[in-house]
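Read the structure below first, then the notes.
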Amino acid sequence: MVEPGPGFAASEPAPWFAFLGQALLVPETARLAALLEELIKVIGRPEDDALVATFRQALEGDPLELEREYVRLFLDPAGAPCPPWQSVYSEEPRLMGAAHERALAWYRAEGIEPAGENEPADHAGLLLLFFSHLLDGGAPAERLAAFWRDHLEWILRFCELIESETTHPFYRAWAEAAARLVRRMEPEPEAPPPAGFPAEQPLA
Amino acid sequence: MALTRRDLLKLAGAASTSGPLGALAPFFRPAGSGAAAERKLVTCCGICDSVCGMVATVRDGVLTFLEGLEGDFSGGGGLCGKGASGAGQLYDPDRLKYPMKRTNPNKGLEEDPGWVRISWEEALDTIAEKFRAALEQFGQESLLFVTRPAPDIWMRFMNAVGVVNRVDHLDECYLTDRVIQRYTTGGKSWCNDFENAKYILLFGWDLLAKTKLVYANGIVQAKDNGAKVVCFNPQYSATARFADEWYPIRPGSDLAVALAMINVIVSENLFNREFVDQYTNFRQYESQIREHFKRYTPEWAAAESDVPADAIQRIAREFATRGPAIAPAHKKSLCANYANATQLVHAISILNLLAGTIDRPGGRYFARTIPIPTIDQIVPPPAYPAKRGRRVDGKDRLPLVLEDGGGLFSTLADGLLNKYPGMIQAAFFNNYTILGFPHPERMAKALATIPFLVVMDFLPTDTALLADIVLPSSIYLESNDLVPREYSAKRPQVVVRQAVVPAMFETRSIGWVALELGKRLAPDYFKNPDGTWISLSAVLDEKVRRAGLANSFAEFREIGMVTREQPFVPRTTFNVPGGKCQIYVPQFAERGGEPLPVWRPKREQPSPEYPYYYLTFIPAVHRRNTTQNNRILNEMFPTNAANMHPLLATRIGVKEGQKVRIRSRVGAIELPAHLTETLRPDCVLVAHGFGHRSRYLNTAGGKGARDSDLIPDQTIEEMVAAGNFAGAASIMDAVVNVQAV
């Protein structure tokens, strides 16, 4: 496990969410390297951030290997081990399920929609990028918490799956960073029922 | 919600504290008018070929419900389990989504192909380049297409390129019936007028469990109307339970019963004299026919089939005199199961002719249709190149199959591996997995010899593992077309097929691929007279207009269905040489076959080493090997088992659920035993469609075993020697050993 330095999601997690979201949407090494440089510029103090260094090192490897691993994990024609759509992780795994509909409602509330109308709106990359947009726009804490509960909690399972399936340094780093970041944004548990509310009785 | 200036800047990343990192474009765009209203759209199912009409409910771009279409002749206003669960296929997470290319040159089911995503442009350019190189260097015979002969623009593409090697599963399922019907009644027909039949004779066909609603509804109606149903089947099938009489016939001996029935009907002069005299060639060949069938006595047939002689005699008499009577011959259920299926289908056709019900109420009839012009009629192509070259499946050894235009699924592996190794340089598989072939392991080895393989499919099949390029296919719920009724069509009816949602991801139709490959490989065939490229939507509009359905496809989409009211007028001339139906078929004799059906045993017979008959079936809720990953259907029938009678289980010392090893001369599988008294004690029955190797197929991966691992494939010499002149694939012709593991 790589220990994050102070640069990791220090005071401004939005650029990290944007980076991780885009990394899942565009698997081209050159583009990812450029995005990483952008991230470094925005977060500052990259020199002591081990995760940034890991990403940088991973992107210096064979671009074809990275591309192959992306396809194997998320799109493999032999069946992908880590589908990146939230509806797949629901009780009834499918595409375009309830998570797609909810994500679409979130986007529309912000005046936007996914550019591809024929792709599910609950792609992990879109959700992370959108969360950075909410953070950037100064969305109130309760709104961030609501989005987290709706669309980020499952990312933790997704990250575990990636970590168990891949040995590629880029996607291992991705899963680690995404899991930490999502965990970091975890809202306080919702308030318990008000006092005096009758407790649920077990059935006789 | 209105878009603010900040939002527009944000799309470009200008206002983001994350800089360009936070740019929402190109992944997001300004929202439209919000959630779309719920819509109801008429369309057609595409899971099986009875293509039932249906109504799709679409909410905000998502298909939410499918139900039957009132007034539709196929589904009769209902849908079967497969049809109703279409959303499970559309939204299957494992769908192929983007074109891919292999980066690992080593091929095999255990090799990691090293896929990378590519653009459609790159995929099509690469395919065109490889196919062109093969054509220029090795000629037309070097290309293999494993694909249905549809849509018409795909046929145009194959004709323009001069493809001589094309096979598809229809050859496995329909070919034999197609060849026999062409010369006996004048053409393949799917229509069975069960509703008006009074006597229904079923050789093997479990038409209730086959779940083509059109047939299931028909036979239920027939029973309501007082029809008698007689069923020969080694299994006490759903239809057998529904029948008035069931005979657990010895596998592969249906032919003996049919021949003996013909003997009874002819020798006792019980046939429909009016029809036989006027519309068949019986009188012309009467002495040969009478002499030929004399040898097939009910007693002889009883010894072959285990059906009592007096029952055969009585059923023959009833069939001839208590009609209208019908003996439907469906596809795989009969026409391909055993090496003697060619003879069986001919015998069944003769039974229907003797009953006098071809194109008559209560019989097999020809569909009344609204002619829909083909693309070649709308945009006539330049003359197609002559087709030259060797046939990898050896079908040139079977003249009647060669003239049919199809190919042979079951001899393909032998052709690739032994007859013509190295001949096929490039191949295109459209929606076929090796699970559908007899002996898939051998087929996989054969495919690995092809230097360049393209697989187009909607799911990651085992064939895709061997491909150089994988193309993602759209499915019927994402397609536009016109669908005439062919299974229940006393009056013409056409139903629209329309994309109820946009094609998911980067999936495309095979028609679109034909056009794009055509532009690259044979451009002259894909241009309009004014030199512009053919447009698929313009052709569809023109089809609608010329068929008289509406002024445009958009207009027909709103109408949904057109039915022409007209009386059913029975045919008096038939599309057969001489205009009369043929009982005695001289053309068969001229082209390597027999003019009248003769007894031939099935290919594989029980022996001390393999003492049991091996039977397979397709569960009612599945379609071949294509629906096992549909979560909804998988829940109903998730895996297969070795079904056997408790007597057999006792003999081999096996209990319910215990794993057994089933072994044939070509392979072995292991499955849990399921004990059932609904099967002859000398048979083992296994469901087809399971044993997918892709472990990441979320639902079907790793469940069950491949039934076809036990089925031997064939050589063309074996087919010729067996008198299998109409090309039956023998896909249930196996015997096995069963032991506890």
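The values are calculated or read from the model by the stated rules, or taken from the named source; none is laboratory data. In this text, all values refer to a predicted model and were calculated from it rather than measured experimentally. Note that each Cβ is placed from the backbone with ideal geometry, even for glycine, and that neighbours are counted across all protein chains shown. We work out accessible area using only protein heavy atoms, side chains counted, and drop any ligands, DNA or RNA first. Shrake-Rupley method; radii C 1.70, N 1.55, O 1.52, S 1.80 Å.
A single member of B:G511, B:G518 is at pLDDT 95 or above, under 21 Å from the mean Cα position of the chain (by Cα) and closer than 19 Å to B:V161 by Cβ, and it is B:G511.
Restricting the first member to the range B:574-585 and to residues that are touching a residue at least 60 places away in the same chain (Cβ under 8 Å), and the second to residues that are of a type in the set (A, V, I, L, M), the beta-carbon pairs closer than 7 Å and six or more apart or on different chains are B:C581/B:L353; B:C581/B:I358; B:Q582/B:V576; B:I583/B:I289; B:I583/B:I350; B:I583/B:L353; B:Y584/B:I289; B:Y584/B:L596.
Condition first: open to solvent by 10 Å² or more (accessible area, probe 1.4 Å) and either part of a helix (DSSP H, G or I) or closer than 17 Å to B:L596 by Cβ (or both). Now tell me which residues in the range B:175-192 satisfy that. B:R178, B:R182, B:Y183 - these are the residues of the range B:175-192 that are open to solvent by 10 Å² or more (accessible area, probe 1.4 Å) and either part of a helix (DSSP H, G or I) or closer than 17 Å to B:L596 by Cβ (or both).
Scanning the range B:90-122 for residues that are assigned to a loop (DSSP other than H, G, I, E, B), within 7 Å of chain A (Cβ to nearest Cβ) and open to solvent by 30 Å² or more (accessible area, probe 1.4 Å) yields a total of 1. Give me the residue from the range B:59-70 that is more than 9 Å from chain A (Cβ to nearest Cβ) and out of contact with any Ser or Thr (no Cβ under 7 Å at 6 or more places or on another chain) and, out of that set, surrounded by the fewest Cβ atoms within 10 Å (Cβ to Cβ). For the range B:59-70, the residue satisfying everything is B:E70.
In the set B:M644, B:M636, only one residue is outside the structural domain of B:G86 (by TED's automatic domain parsing) and under 21 Å from B:L66 (Cα atoms); that residue is B:M636. The residue list A:R56, A:R108, A:R68 contains one member that is part of a helix (DSSP H, G or I) and either more than 10 Å from every other protein chain (Cβ to nearest Cβ) or polar (S, T, N, Q) (or both), which is A:R56. Would you check if there is a residue in the range B:638-661 being of a type in the set (D, E) and either under 20 Å from B:E441 (Cα atoms) or under 26 Å from the mean Cα position of the chain (by Cα) (or both)? Taking every residue of the range B:638-661 in turn, none turns out to be of a type in the set (D, E) and either under 20 Å from B:E441 (Cα atoms) or under 26 Å from the mean Cα position of the chain (by Cα) (or both). Could you list all residues from the range A:37-65 that are among the aliphatic types (A, V, I, L, M) and at pLDDT below 90? Residues satisfying the conditions are A:L39, A:I40, A:V42, A:I43, A:A50, A:L51, A:V52, A:A53. Looking across the range A:83-98 at every residue that is of a type outside the set (D, E, K, R) and within 9 Å of another protein chain (Cβ to nearest Cβ), the one that is farthest from B:D60 (Cα to Cα) is identified as A:P83. Could you list all residues from the range B:419-464 that are part of a helix (DSSP H, G or I), over 15 Å from B:V392 (Cβ atoms) and of a type in the set (A, V, I, L, M)? B:I434, B:L435, B:A444, B:A464 - these are the residues of the range B:419-464 that are part of a helix (DSSP H, G or I), over 15 Å from B:V392 (Cβ atoms) and of a type in the set (A, V, I, L, M).
Every test in (1) in contact with a helix residue (DSSP H, G or I) (Cβ under 6 Å, 6 or more places away or on another chain); (2) open to solvent by 10 Å² or more (accessible area, probe 1.4 Å) is passed by B:T627 save one, and that test is (2). Restricting the range A:111-126 to residues that are part of a loop (DSSP other than H, G, I, E, B) and more than 7 Å from chain B (Cβ to nearest Cβ), the residue that is most open to solvent (accessible area, probe 1.4 Å) is A:G116. Apart from one condition, B:E441 fits all of (1) open to solvent by 10 Å² or more (accessible area, probe 1.4 Å); (2) free of Cβ contacts under 8 Å to residues at least 40 places away in the same chain; the exception is (2).
Taking the criterion of being within 11 Å of B:Q343 (Cβ to Cβ) and touching a helix residue (DSSP H, G or I) at 6+ places or on another chain (Cβ under 7 Å), the residues of the range B:587-610 that qualify are B:F588, B:G593, B:E594, B:L596, B:P597, B:V598, B:W599, B:R600. For the range B:149-184, a residue qualifies if it is farther than 18 Å from B:I731 by Cα and among the charged types (D, E, K, R), and the qualifying residues are B:D152, B:R156, B:R166, B:R182. When A:L156, A:L129, A:L161 are screened for being part of a helix (DSSP H, G or I), at pLDDT 95 or above and within 11 Å of chain B (Cβ to nearest Cβ), only A:L129 passes. Of the numbered criteria (1) among the hydrophobic types (A, V, I, L, M, F, W, C); (2) more than 14 Å from chain A (Cβ to nearest Cβ); (3) over 19 Å from B:A87 (Cα atoms), the one B:V496 fails is (3).
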